[in-house]
1. What are the residue pairs meeting all of these: first residue in the range 127-139, first residue at negative phi, second residue outside any helix (DSSP H, G or I), Cβ atoms under 6 Å, and 6 or more apart or on different chains?
2. Which of the residues that make up the range 78-94 are surrounded by fewer than 18 Cβ atoms within 10 Å (Cβ to Cβ) and among the hydrophobic types (A, V, I, L, M, F, W, C)?
3. So if I check each of Leu79, Leu135, which one is in a helix (DSSP H, G or I), more than 15 Å from the chain's Cα centre (by Cα) and closer than 19 Å to Leu35 by Cα?
4. Quick one: Ser105 ticks every box in (1) closer than 14 Å to Ser37 by Cα; (2) in contact with a strand residue (DSSP E or B) (Cβ under 6 Å, 6 or more places away or on another chain) except a single one, so which number is it?
5. Give me the pairs: first residue in the range 17-41 and more than 21 Å from Ala63 (Cβ to Cβ), second residue at pLDDT 85 or above, beta-carbon distance under 7 Å, and six or more apart or on different chains, which are they?
6. Considering only the range 102-123, I want to know if a residue exists there that is surrounded by 15 or more Cβ atoms within 10 Å (Cβ to Cβ), part of a helix (DSSP H, G or I), among the β-branched types (Val, Ile, Thr) and free of Cβ contacts under 8 Å to residues at least 40 places away in the same chain.
Amino acid sequence: MHVGENHINPHGIALHSIFMSKMYCVDMDIIFHWLVSTFVIAITAYILPSAQISSFGVAVLAALVLGLVNAFIRPFLVLITLPINVVTLGLFTLVINALMIMLTSAIVPGFRIDGFWSALVFGIVMAVVGYIVSLIITY
């Protein structure tokens with residue numbers, strides 16, 4: 001068997017084609033979630049006067065950076081703050097979310113959060129808006 005050949009299972013279905021279609025779906029899911037996150041960030045910034053986004057492109061970049069920050073930095077912070085998170089019954093996670101939003105604001109030009117408390121409120125409102133959007137759009 002050589003690289004690039006389709007593997008045929010007993011039912012006659014090309015496994016390579018199935019794999020590629022699943023990869024396409026995964027890529028589309030990621031793009032769709034990214035766009036939904038972009039809209040959630042834009043709506044939240046529109047609702048809160050303490051958050052400003054200069055353009056839709058900045059909202060797209062902020063969603064990307066926030067997603068990367070939440071994927072790579074947030075798990076480490078949750079792990080090292082586990083004792084205080086247990087004592088506060090998980091409420092310290094709101095502080096970590098606010099810090100991730102502040103970091104995103106510092107990285108993305110055109111995305112501004114006025115301070116820690118604004119970032120904390122931004123995270124809470126973003127969660128509520130995301131929940132409402134998830135009720136409207138099933139993904």
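1. Within 6 Å, no pair qualifies.
2. Let us first name the residues in the range 78-94 that are surrounded by fewer than 18 Cβ atoms within 10 Å (Cβ to Cβ), namely 78-84, 86-91, 93-94.
If the condition is that a residue be surrounded by fewer than 18 Cβ atoms within 10 Å (Cβ to Cβ) and among the hydrophobic types (A, V, I, L, M, F, W, C), then Val78, Leu79, Ile80, Leu82, Ile84, Val86, Val87, Leu89, Leu91, Leu94 are the ones that fit.
3. The match here is Leu135.
4. It is condition (1) that Ser105 fails.
5. none
6. No, every residue in the range 102-123 fails to be surrounded by 15 or more Cβ atoms within 10 Å (Cβ to Cβ), part of a helix (DSSP H, G or I), among the β-branched types (Val, Ile, Thr) and free of Cβ contacts under 8 Å to residues at least 40 places away in the same chain.
The values are calculated or read from the model by the stated rules, or taken from the named source; none is laboratory data. All of these numbers come straight from a predicted model, not from anything done at the bench. For neighbour counting, all protein chains shown are included, and Cβ atoms are generated from backbone atoms with ideal geometry for every residue, glycine included.
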